[in-house]
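A short write-up of the structure that comes next.
Values in this text are rule-based calculations from the coordinates and carry no lab data. Bear in mind the structure is a predicted one, so any value in this text is a computation, not a measurement. Cβ coordinates were reconstructed from backbone atoms using ideal geometry, including for glycine residues, and neighbour counts include every protein chain displayed.
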Amino acid sequence: MRGKFSGFLLVPQIIFIVLYGVFVQYDVQAGPRNASDTTSSEHFDKLYPMFQDVHVMIFIGFGFLMTFLRRYGFGSVGFNFMLAAFVIQWTILIRGCLDLEDIKDGKININLETFLNADFACGAVLISFGAVLGVLGPIQLIVMAILEVVFYSVNEFVIAHKFQISDIGGSMVIHTFGAYFGLAVSLVHWRPELKDAHPKEESVYHSDLFAMIGTLFLWLYWPSFNGAPAAGTIIGERAVINTLFSLAAAGVSAFAMSSIVDKSGKISMVHVQNATLAGGVAAGAVANLKIGPLGATLLGSSSGILSVLGYAYITPAILQHMNIHDTCGVHNLHGMPGVLSGVAAVIIAKATSPTTYTTLEANLQLAGLAVTLGISIIGGLLTGLVLKAPFLGSVKHQDLFDDRPYWNVSLYRD
Amino acid sequence: MRGKFSGFLLVPQIIFIVLYGVFVQYDVQAGPRNASDTTSSEHFDKLYPMFQDVHVMIFIGFGFLMTFLRRYGFGSVGFNFMLAAFVIQWTILIRGCLDLEDIKDGKININLETFLNADFACGAVLISFGAVLGVLGPIQLIVMAILEVVFYSVNEFVIAHKFQISDIGGSMVIHTFGAYFGLAVSLVHWRPELKDAHPKEESVYHSDLFAMIGTLFLWLYWPSFNGAPAAGTIIGERAVINTLFSLAAAGVSAFAMSSIVDKSGKISMVHVQNATLAGGVAAGAVANLKIGPLGATLLGSSSGILSVLGYAYITPAILQHMNIHDTCGVHNLHGMPGVLSGVAAVIIAKATSPTTYTTLEANLQLAGLAVTLGISIIGGLLTGLVLKAPFLGSVKHQDLFDDRPYWNVSLYRD
Amino acid sequence: MRGKFSGFLLVPQIIFIVLYGVFVQYDVQAGPRNASDTTSSEHFDKLYPMFQDVHVMIFIGFGFLMTFLRRYGFGSVGFNFMLAAFVIQWTILIRGCLDLEDIKDGKININLETFLNADFACGAVLISFGAVLGVLGPIQLIVMAILEVVFYSVNEFVIAHKFQISDIGGSMVIHTFGAYFGLAVSLVHWRPELKDAHPKEESVYHSDLFAMIGTLFLWLYWPSFNGAPAAGTIIGERAVINTLFSLAAAGVSAFAMSSIVDKSGKISMVHVQNATLAGGVAAGAVANLKIGPLGATLLGSSSGILSVLGYAYITPAILQHMNIHDTCGVHNLHGMPGVLSGVAAVIIAKATSPTTYTTLEANLQLAGLAVTLGISIIGGLLTGLVLKAPFLGSVKHQDLFDDRPYWNVSLYRD
């Protein structure tokens, strides 16, 4: 894979540098600004701690969450890192093209919010990565990321920019999109052997503990994820508080359900690692609204229950009957809770129209969910087909869920 | 344990949701507020980064600190997570009942500080959890948490609300209380087999490294723990600086003492993992006072030394002669340093009365320490007795310090 | 090592406490201040989140980054912790002596920035520690830290205080200094056996994953490292944004190069763990300048490539031909990228003099780099000689890269 893999990274990297030179400049905040005004912008100061929380979620949270596989730890945390560093740079350009960035004098103006939005795009790509973890090779992953960012940005442009739907935490834009895109890619890359339990598709004791590092940082910093787009406003404050409630309720409910769905009543780490987080996704589209402690805990509890049921019954059914393999169960953590959140937003918009929302707004909120599902699934199918190109290197069966084909692994102990 | 365990989580969770609907509302900060004022509250912006640090301490800090046991990693980080998500929701209601929350129109008003105080209650419960780690089963732990939060809040009501003692970092309210409550529970649940070394009550190489994740995040974010209650004030700033000094001194002293108490002069991870943190506890009750760099480093050094001596000599003595098993040595990390901090606060209050403190205040400061010890020990004994109820499921001897009775564990390697 | 090791920690600790009592006091910010002004200082509020990020980098970042060795995990994260807690206290005094701290009434005035600067000194010492990881014993490390802080502060005094060079992120003051100081120490402690591969100088699967915790927190919080000295100003904001660009570019480039330098095209964890971070170092000396997205990504990419080339070709050459063993490859992560950053600063200063910079300033910028190399190498050589003193305990050959001589290690599994 030597020259090819490097080329797929270095050629875009050189293009990024060149395009940055031509089309990207500091926002006035980091740039010249009035010489007498040397203090940082108030918005920067309020956003920065929340941004760093989101940043940790993307690189530590997603990265370690996926290390649960006993022989794919390097790929999980490593390719997660590689993809995110790549996607940050690529997203800035694509969002700039679509006028989603702040454009002045024909140039993209960069400030801290640019990077926050780039991190959000990473979220979608890394969710899709979770669906095909251990099944796609690194070159395929890079190409997937390149294409997904385009579809992601188009969807964002349509539903956030044009429809102006409510989705502060990106339950639709990020989570629903990333999950169904990944599942669609996975469908195209179906191979019958995935139906049987693969000897390497399992965890060991310590790999499950590594994954908990990811889980907990995601759980802890999710209020920042949902609140950061409105940092420094009362909306952001409310988003934080709603998300705190929702996550606590999802945590308790996921533990309870994990025991219920097991025939001997034991708890499963896969549920603790994932379903506890569904509360963050479920709060996403409505975190800015006055859903109250009641609404937030109800939503959180429901999503935790739904997510465990997904792991126990829906993922195996999708595998057996729909030929879709979902390594991390992103359908249960991001897909269904994302749709739940989107539906909750529609219900609230419908129920409060035409006073708070206009009837058009309420309808657009529903349309936004439909558009997201449409673009993600179609985009994922198309991308999946592209990734079939032989020169992108598909993974041999014996190399599934294994670091050794791509990494220098000194000593394996697990 | 299937139905029972789930019931002990889900029934309270449903009650939480219902009570939240009836009795809990947003504080004006996150709620309606003047329509023209859309900025977040200044207090929120200053508290949020410190709150997130405390949040990390509770879930990552306490959770991973306890993963040192080689076969109880899931229980450590998992039950820690479950208990904290549960206690956050429960504490809000209990503190509301006791008028410790902000009550308006008969409703509990929620803002970020509500969650900070809930995290502090988690701290106490998780300290007690540390005393009985691997010895109590999950249903017992949930019931313990339910009862402990009540005793904890009563104690807080008496000493913080009524006596108005100085305890910014909760050395008495949280650390002393949590430690002696847990030790009292442990006394009631004494079983003679605990006197002998249990083959599973030990660490392996990597479990000790996982524990260091917990240690270091606790050590790093402790200044926020002690400073957050006064975030945005000069008091909070001083609390941060005093705690930084105290922790650095405790760190160095704990390393030195660890070598001294070992007959071959080697360092023990248990001391590094725990005694280095004693400086945070020891600073707690006086961190807001002008103890100066001298006072802070003196207190930190003393607590680090005291804590190592505790691990080396006092914990074994308590085990052999008082029939109290203390899995994590919470007496050394939270109990004694908490009392030390409380005594330091009494001495300062006595020494500076009647000028800075009135004589009454100085006496109440001492009374606060006594009340904390009284309520924690009596509360712990009563709670321990309740936990003896057979339907709460006690742990069989061969299942002590072992994840397998409660968790689906795929492959054990250690 | 019992009494000796403890003495080398406790005697200085007692001296610290005494000197703190005599010479150190709160800055007006944490101290008396006007009684009517009870809010925290605005600077504290803006610096604190960035300070905590830097704090995490020092203790978690550096500590876990070095745990990659399979049998030196306790020493890596443990001695890192011990040295940093020690150096924080020691640096405050030395910098105070050199007038680098805020002095009033003959006393050192302490505020949060004091601790930020102490953390920076830790950075230099821990980089040097990385060069001799597993080769020096704990007493030698303490003595090295004591001496290095003196040389470090002298160098800072000369180039930052006297020459007033531009080096916001400490690429020269911290990274270049720490790397070449450590390499000089390593040269003096050369032993021929180090030329051959040592059976314990390697990683295992999970030790590489532990190291990734360090890597990622370093990568994520590096923008705070480069921006914190100018927290709350537009300079700090620009430093954050430049560093974000540089790190992303270094990340992608390091992955690509890692595959290129491997004969079978596989990626190596050592490159992912280290070379991805070179972008933070490379941005350091110029992060405050208007290098633009182009400049930042170009610098980041170059440093990532340079760093991988260093690991692949330069470190082995230095080992074979110059008798310098560099356990963590600090020359590749801190040394060369630090010099690169320093040279970039010189070029910018030269190119923009005499308009933005005066010719003198541009020359001093170059002189600063030369002085740093001079003081670090001479200081390292002298310190290395001191560490040869027999009573400081050198490590026996069979004990190299092994925790067991210094730590109570229960069970080794790797």
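Data table
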{"read-out": "Mean separation of Cα contacts under 8 Å, 6 or more apart, over the residue count of chain A: relative contact order %", "value": "24 percent"}
{"read-out": "For the range A:320-371, convex hull of alpha carbons as volume per residue, Å³", "value": "81 Å³"}
{"read-out": "Efficiency of FRET from Cβ geometry, C:T38 and B:Q164, R₀ 22 Å, rounded to 0.05", "value": "0.80"}
{"read-out": "At 7 Å out from Cα toward Cβ: B:R404 inter-copy label distances (nm, ascending)", "value": "2.8, 2.8"}
{"read-out": "Under the Karplus curve 6.51 cos²θ - 1.76 cosθ + 1.60, θ = phi - 60°, whole-Hz ³J(HN,Hα) for the range B:59-72, x wherever Gly or Pro sits", "value": "8, 8, x, 4, x, 7, 3, 8, 6, 4, 5, 5, 10, 10"}
{"read-out": "Set of the range A:335-354 residues, backbone N closer than 12 Å to the point 7 Å along the Cα-Cβ line of A:Y313", "value": "none"}
{"read-out": "Karplus (6.51, -1.76, 1.60) ³J(HN,Hα), θ = phi - 60°, over the range A:106-113, in Hz, Gly and Pro reported as x", "value": "x, 10, 7, 9, 9, 9, 4, 5"}
{"read-out": "Label spacing, shortest first and in nm, from C:I377 to its equivalents in the remaining copies (7 angstrom along Cα→Cβ)", "value": "6.7, 6.7"}
{"read-out": "Long-range amide H partners of C:L133 with built H, under 5 Å", "value": "C:T327, C:C328"}
{"read-out": "Between the range A:276-300 and the range C:288-311, the Cα center-to-center distance that results, in Å", "value": "42 Å"}
{"read-out": "Order of B:T233, A:T67, B:T315 - criterion: other Cβ atoms within 10 Å of each residue's Cβ, fewest first", "value": "B:T233, B:T315, A:T67"}
{"read-out": "The protein assembly as shown: Rg to Rh, with Rh as the Kirkwood radius over Cα pairs", "value": "0.94"}
{"read-out": "Residue-averaged beta-carbon neighbours from other chains (10 angstrom radius) around B:394-405", "value": "1"}
{"read-out": "Cα-Cα P(r), the range A:47-385, percent of pairs per 10 Å interval", "value": "6, 28, 38, 22, 5, 1, 0"}
{"read-out": "Prolate/oblate/rounded label for the range A:1-119 (Cα gyration tensor, a/c 1.5)", "value": "oblate"}
{"read-out": "Principal axis box of the range C:83-175, alpha-carbon based, largest edge first, Å", "value": "42, 27, 19"}
{"read-out": "Listed peptides C:352-362, A:17-27 by packing density, highest first (mean Cβ within 10 Å)", "value": "A:17-27, C:352-362"}
{"read-out": "Three-way shape call for the range A:170-217 based on the alpha-carbon gyration tensor, with the a/c threshold at 1.5", "value": "oblate"}
{"read-out": "Amide H contacts under 5 Å for A:V24, placed H, 5+ residues apart", "value": "A:I108"}
{"read-out": "Extension reserve of the A:Q398-A:L360 stretch, reckoned as 0.36 nm per residue once the Cα distance is removed", "value": "8.4 nm"}
{"read-out": "Span per principal axis, largest first, for the Cα atoms of the range C:115-236 (Å)", "value": "50, 32, 22"}
{"read-out": "A:K107 versus A:V22: modelled label distance in nm, points set 7 Å from Cα along the beta carbon direction", "value": "1.5 nm"}
{"read-out": "Packing-based ranking, highest mean first, of C:369-382, C:140-153, C:190-203, A:48-61 given that Cβ atoms within 10 Å are counted", "value": "A:48-61, C:140-153, C:369-382, C:190-203"}
{"read-out": "Inter-chain shielding of B:51-63 (mean C-beta neighbours from other protein chains, 10 Å cut-off)", "value": "4"}
{"read-out": "Convex hull volume of the range A:207-296 per residue (C-alpha atoms, cubic angstrom)", "value": "79 Å³"}
{"read-out": "Rotation relating C and B, chain B residue nearest the axis via C-beta, angstrom", "value": "B:P49, 2"}
{"read-out": "Relative exposure of B:F62, C:F163, A:F8, B:F245, judged by other C-beta atoms within 10 Å (fewest first)", "value": "C:F163, A:F8, B:F62, B:F245"}
{"read-out": "Straight-distance crosslink candidates among lysines, where the alpha carbon sits under 17 Å from A:K107 and sequence neighbours closer than 8 are dropped", "value": "C:K290"}
{"read-out": "Copy-to-copy label separations for B:P192, where each label sits 7 Å from Cα toward Cβ, in nm and ascending", "value": "6.4, 6.4"}
{"read-out": "Förster-model FRET efficiency, 60 Å R0, C:F391 and A:I378, C-beta, rounded to 0.05", "value": "0.25"}
{"read-out": "Peptide C:285-295 - average C-beta neighbours from other chains (10 Å radius)", "value": "4"}
{"read-out": "Where N is the number of residues in the range C:199-251, Cα Rg divided by 2.2 N^0.38 Å", "value": "1.53"}
{"read-out": "For A:T233, residues with placed amide H under 5 Å, excluding near neighbours", "value": "B:S40"}
{"read-out": "The range A:284-414: C-alpha gyration tensor shape, a/c 1.5 cut-off, then a/b vs b/c", "value": "prolate"}
{"read-out": "Choice from A:A250, A:A278, A:A312 showing the highest fluctuation, given a GNM over chain A with Cα pairs closer than 10 Å", "value": "A:A312"}
{"read-out": "Calculated from backbone phi, Karplus (6.51, -1.76, 1.60) coupling profile of the range C:301-315 in Hz, x at Gly/Pro", "value": "4, 4, 5, x, 5, 4, 5, 5, 4, x, 4, 6, 10, 7, 4"}
